[in-house]
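Here's the structure, in structure tokens; my notes come after.
The values are calculated or read from the model by the stated rules, or taken from the named source; none is laboratory data. Since we're looking at a predicted model, the values are computed, not measured. Cβ placement follows ideal geometry from the backbone for every residue including glycine, while neighbour counts extend to all protein chains displayed. Side chains included, ligands, DNA and RNA excluded: accessible areas come from the protein's heavy atoms. Shrake-Rupley method; radii C 1.70, N 1.55, O 1.52, S 1.80 Å.
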Amino acid sequence: MVKREEKLILWFEETGIEDVPLVGGKNASLGEMYKNLTQKNVNVPNGFSVTAYAYRYLLEQSGAHKEIKKILKGLNTHNLSDLAKKGEAVRKLIRYLEFPEDLKKEIIEAYYKLSKKEKVKELDVAVRSSATAEDLPDASFAGQQETYLNIKGPEELIDACKKCFASLFTNRAISYREDKHFDHFKIALSITVQKMVRSDLGASGVMFSLDTETGFKDVVLINAAYGLGENVVQGAVNPDEFLVFKKTLDKKGCKPIISKKLGQKSIKMIYNKEGSKSPVKNISVDLNHRNMYCITEEQILQLAKWACIIEKHYSLKAGYHKPMDMEWALDGKTNKLYIVQARPETVQSQKNKSILENYVLLEKNKKPILEGISVGQKIASAKADVIKDANEIESFKKGNILVTEMTDPDWEPIMKIASGIITNKGGRTCHAAIIARELGIPCIVGTKTATKDLKHNSQITMDCSSGDFGYIYSGKLKYKIDITNISKLPETKTHIMLNIGNPEKAFEYSFLPNDGVGLAREEFIINSWIKIHPLALINYSKIKDKSIKKEIDQLTVGYKDKQEYFVDKLSQGIARIASAFYPKPVILRLSDFKSDEYANLIGGREYEPIEANPMIGWRGSSRYYMGNYKEGFKLECEAIKRVREQMGLINLEVMVPFCRTTTEAKKVLEEMKKNGLEKGKLGLKVIGMCEVPSNVILAHDFLDIFDGFSIGSNDLTQLTLGLDRNSELLTSIYDERNKAVKELISYVIEVARAKGKYIGICGQAPSDYPEFAEFLVSEKIGSMSLNPDSIIKTKILVSKKEKEVSKNK
């Protein structure tokens with residue numbers, strides 16, 4: 001009887017995660033899932049492992065072990081030509097080794113057994129490497145060895161196995177092991193032989209059980225493209241991207257897809273004809289399919305559920321939270337989804353979340369020359385090193401920013417000495433992105449034209465600190481790095497909340513000490529994400545201006561119903577913020593553009609009046625129940641309803657701005673109810689903005705209608721002092737600390753507290769003036785909503801003041 005550790009072949013059903021020394025990380029994980037998760041309806045294609053013992057057996061039987069040691073003696077991985085020369089010599093040696101007959105026989109017998117199980121004569125399989133040191137907690141070996149797809153028949157299989165064994169000594173794998181101090185001969189290679197999923201006829205991609213940029217753990221990130229998955233992994237395509245919120249995923253009727261981004265998906269990898277030199281090839285995708293998402297909402301949700309099942313299983317097994325990095329495939333023949341790989345995430349899961357590092361670009365007025373998808377949250381400034389071919393990598397200079405079409409593992413030796421990476425192609429889960437995260441350098445992928453637009457050796461600054469998009473500027477721009485240890489911050493009785501405009505920063509800001517969001521601004525989402533006036537979308541068929549219609553068509557690709565574009569984008573923006581802070585309250589202010597600001601949206605001039613002073617004109621509440629904007633408000637309500645009811649984010653509350661009279665307050669609530677948003681239904685709270693003096697004077701009456709007040713100190717100051725806060729002539733008079741303003745604030749706090757209603761402030765004053773924050777503590781305000789950059793210092797200040805007030809009682 002052959003000992004288990006000396007077997008040449010082990011089936012997935014015979015192995016588990018503890019078998020990394022026998023079959024490597026990839027195979028151990030496939031065995032773990034096949035054995036334990038197929039019974040939980042997670043589909044994993046069957047297969048077997050050619051064991052690490054088989055690899056060692058091959059080297060010993062052939063005498064190759066000594067030869068490899070001789071070749072690698074005196075290796076310098078930072079001398080790229082030496083690395084290339086020695087790497088090539090080792091691979092050639094292994095590639096031409098003759099397999100011992102017993103090894104060859106067992107591989108072929110297992111292949112035919114797998115074919116029989118799948119009821120075909122000769123099954124097409126995927127042949128992948130699985131290193132015994134793969135995916136350790138502080139090291140990701142992802143993509144360092146080769147993958148061979150659509151392998152059919154014994155000859156092709158044995159040839160692919162030889163190539164796989166040789167790939168343990170690719171230049172990048174040798175370099176990586178040297179840098180991580182892994183002994184080349186303590187690491188062995190196992191091989192995965194797995195049934196191919198016909199994703200060449202469907203779609204495939206990568207998913208993570210957390211947000212890869214911030215480490216926010218309550219979402220599943222999915223990248224997807226047509227065809228076989230290698231293009232997504234390598235970054236050869238700009239894929240579709242989806243975010244699914246985990247915490248409401250299992251709630252009945254909930255579909256918490258909180259973000260959908262359409263990728264270009266310009267090529268797809270498919271099977272090549274039999275007898276061709278390569279078993280796979282890339283072909284272009286037609287425009288119609290590029291402009292569609294490559295998987296359905298049901299499939300997105302199914303994948304997210306599987307990601308949660310997989311993460312839960314591995315976390316229970318490990319005894320701690322273990323985020324996962326997974327590959328999936330959709331079979332175009334059967335329309336079935338499969339998980340084809342799962343490994344631990346090795347970057348965000350290793351970070352200390354109590355230390356916050358915040359990069360801030362100090363030169364804000366510069367116009368970027370290029371943008372793409374941002375990876376990480378850092379900024380780098382250096383010379384652009386434009387390299388268009390892997391043969392040129394030796395010319396790369398340490399400390400430069402690497403600019404190229406896309407990267408694969410062959411580029412890793414120079415990626416390690418780069419200040420940043422910029423690529424034309426790729427998405428958030430491509431090779432360049434994964435390695436940049438591991439190296440801790442900024443990366444911007446999917447720029448489309450970086451190699452063309454950025455001049456070689458020109459000084460550039462790349463900024464990944466602003467959210468989903470990264471920006472590239474000409475020249476060396478100044479920036480700063482703020483580092484904070486939030487574990488040492490004091491607790492406060494006053495709730496400290498956040499003001500948020502950009503949904504793309506919400507996950508990052510969720511790590512700040514907070515009690516929720518006191519002001520989420522709709523205007524940012526409408527202005528930056530949607531860009532089109534809602535009435536222009538409602539009346540799209542009546543638009544006569546061809547240039548406006550063209551702009552709308554470009555932005556609404558993939559949306560037959562133009563109104564759905566508004567609702568979908570707005571709901572996704574709101575959901576990003578609500579999910580980031582769930583289950584803490586997130587108070588969303590309904591749109592509060594002035595008429596001149598609405599007019600600046602695409603197609604907006606047709607629907608907006610020209611007002612002498614928009615600051616006190618048709619804005620806030622008055623737009624929701626009268627005039628032509630009622631139809632636009634209906635779309636806002638639909639988006640909010642979708643977030644609360646379809647996505648299950650019932651922590652979302654609503655705030656009504658610039659409400660002048662109690663009659664107006666009642667009309668707004670009536671209009672909301674007509675549009676499916678009823679105060680009290682599913683716990684919906686409606687807060688009023690306290691920013692007009694009438695709100696203070698009639699505070700008792702307003703608070704009988706609303707669930708509370710949030711003081712808007714900016715407008716309250718403007719209207720109390722009778723000035724236009726936009727007038728530069730009156731800046732010396734405009735001051736929230738004016739006694740009259742403070743008297744009004746003191747009074748409204750007192751009324752709200754007496755009535756047991758929510759009372760907070762979301763205006764600028766406590767963020768700007770420490771003494772104003774102290775005044776609010778003295779008046780016993782319930783919450784302060786602050787700008788993210790002032791939350792730490794204000795929290796410390798508030799804690800001190802609370803202690804002082806408590807002493808003086």
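Observations on the model:
- Identity of the residue in the stretch 505-529, farther than 28 Å from VAL798 by Cβ and touching a Gly at 6+ places or on another chain (Cβ under 8 Å), that ends up surrounded by the fewest Cβ atoms within 10 Å (Cβ to Cβ): TRP529
Okay, residues lined up against (1) assigned to a strand (DSSP E or B); (2) surrounded by 24 or more Cβ atoms within 10 Å (Cβ to Cβ); (3) of a type outside the set (D, E, K, R):
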position: ARG177; (1), (2), (3): no, no, no
position: ILE187; (1), (2), (3): no, no, yes
position: ALA224; (1), (2), (3): yes, yes, yes
position: VAL237; (1), (2), (3): no, yes, yes
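- Residue match in the stretch 243-250 (condition: open to solvent by 20 Å² or more (accessible area, probe 1.4 Å) and at pLDDT below 95): yes
- Scanning the stretch 774-809 for residues that are surrounded by fewer than 17 Cβ atoms within 10 Å (Cβ to Cβ) and of a type in the set (A, V, I, L, M) returns ILE796, VAL805.
- Among the residues of the stretch 297-335, those identified as within 17 Å of ALA225 (Cα to Cα) and either at pLDDT below 95 or part of a loop (DSSP other than H, G, I, E, B) (or both) are ASP331, GLY332, LYS333, ASN335.
- Only one of the numbered conditions (1) under 30 Å from VAL805 (Cβ atoms); (2) surrounded by fewer than 21 Cβ atoms within 10 Å (Cβ to Cβ) is not met by LEU498, and that is (2).
- Members of the stretch 67-90 found to be of a type in the set (Lys, Arg) and surrounded by 13 or more Cβ atoms within 10 Å (Cβ to Cβ), listed by number: LYS85, LYS86
- Test: residue in the stretch 12-19 that is part of a loop (DSSP other than H, G, I, E, B), small (Gly, Ala, Ser) and at negative phi: yes
- Total residues in the stretch 212-222, condition open to solvent by 10 Å² or more (accessible area, probe 1.4 Å) and either of a type in the set (Asp, Glu) or part of a strand (DSSP E or B) (or both): 2
- Filtered residues of the stretch 325-342 (kept if surrounded by 24 or more Cβ atoms within 10 Å (Cβ to Cβ) and aliphatic (A, V, I, L, M)): MET326, ALA329, LEU330, ILE339, VAL340, ALA342
Residue-by-condition table, conditions (1) modelled with pLDDT of 90 or more; (2) open to solvent by less than 20 Å² (accessible area, probe 1.4 Å); (3) over 30 Å from GLN348 (Cβ atoms); (4) touching a Lys or Arg at 6+ places or on another chain (Cβ under 9 Å):
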residue	(1), (2), (3), (4)
LYS92	yes, no, yes, no
PHE99	yes, yes, yes, yes
ILE107	yes, yes, yes, no
SER115	yes, yes, yes, yes
ALA126	yes, yes, no, yes
SER130	no, yes, no, yes
PRO137	no, no, no, no
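- Yes/no for ILE422 being of a type in the set (Val, Ile, Thr), under 20 Å from the mean Cα position of the chain (by Cα) and open to solvent by 10 Å² or more (accessible area, probe 1.4 Å): no
- Hey, VAL23 touching a Cys at 6+ places or on another chain (Cβ under 7 Å), closer than 30 Å to LEU337 by Cα and crowded, with 17+ Cβ neighbours inside 10 Å or not: no
- Residue match in the stretch 10-18 (condition: closer than 19 Å to SER315 by Cβ and either open to solvent by less than 20 Å² (accessible area, probe 1.4 Å) or β-branched (Val, Ile, Thr) (or both)): yes
- Applying the criterion of being open to solvent by 20 Å² or more (accessible area, probe 1.4 Å) and part of a strand (DSSP E or B) to the residues of the stretch 455-470, the residue that is nearest to THR404 (Cα to Cα) is GLN459.
- Counted residues, the stretch 336-349 - those being under 18 Å from the mean Cα position of the chain (by Cα), of a type in the set (Ser, Thr, Tyr) and not in a loop (DSSP other than H, G, I, E, B): 1
- Filter pass, MET655 being crowded, with 18+ Cβ neighbours inside 10 Å and touching a Lys or Arg at 6+ places or on another chain (Cβ under 6 Å): yes
- Taking every residue in the stretch 472-494 that is farther than 30 Å from THR447 by Cα and pairing it with any residue that is in a strand (DSSP E or B) and open to solvent by 40 Å² or more (accessible area, probe 1.4 Å), at least 6 positions away or on another chain, the pairs with Cβ-Cβ distances below 9 Å are THR484/ILE355; THR484/GLU357; THR484/ASN358; ASN485/ILE355; ILE486/ILE355; SER487/ILE355.
- Applying the condition of being in a helix (DSSP H, G or I) and among the charged types (D, E, K, R) to the stretch 678-709 and asking which residue is nearest to ILE650 (Cα to Cα) yields LYS681.
- Residues located in the stretch 740-773, provided they are open to solvent by 60 Å² or more (accessible area, probe 1.4 Å) and at pLDDT below 95: ASP768, PRO770, GLU771
- Residues in the stretch 251-266 that are open to solvent by 40 Å² or more (accessible area, probe 1.4 Å) and not polar (S, T, N, Q): LYS251, LYS252, GLY253, LYS255, LYS261, LEU262.
- Selection within the stretch 148-175 - outside any helix (DSSP H, G or I), under 17 Å from ALA110 (Cβ atoms) and out of contact with any strand residue (DSSP E or B) (no Cβ under 7 Å at 6 or more places or on another chain): GLY153
- Tally, over the stretch 29-60, of residues that are open to solvent by 10 Å² or more (accessible area, probe 1.4 Å), assigned to a helix (DSSP H, G or I) and within 19 Å of GLU118 (Cβ to Cβ): 3
- Flag if GLN377 is assigned to a loop (DSSP other than H, G, I, E, B) and not basic (Lys, Arg): yes
- From the list TYR598, TYR582, the lone residue that is aromatic (Phe, Trp, Tyr), open to solvent by less than 70 Å² (accessible area, probe 1.4 Å) and touching a strand residue (DSSP E or B) at 6+ places or on another chain (Cβ under 9 Å) is TYR582.
- Residues of the stretch 476-491 satisfying the condition of being touching a strand residue (DSSP E or B) at 6+ places or on another chain (Cβ under 9 Å) and open to solvent by 20 Å² or more (accessible area, probe 1.4 Å): LYS476, LYS478, TYR479, LYS480, ILE481, ASP482, ILE483, THR484, ASN485, ILE486, SER487
- Of the criteria (1) farther than 28 Å from LYS35 by Cβ; (2) at pLDDT 90 or above; (3) under 20 Å from the mean Cα position of the chain (by Cα), which one ASN352 fails: (2)
- Among residues of the stretch 404-426 that are assigned to a helix (DSSP H, G or I), those with a Cβ under 8 angstrom from a residue that is among the aromatic types (Phe, Trp, Tyr) and surrounded by fewer than 24 Cβ atoms within 10 Å (Cβ to Cβ), sequence gap 6+ or separate chain, pair up as GLU412/TYR176; ILE414/PHE396.
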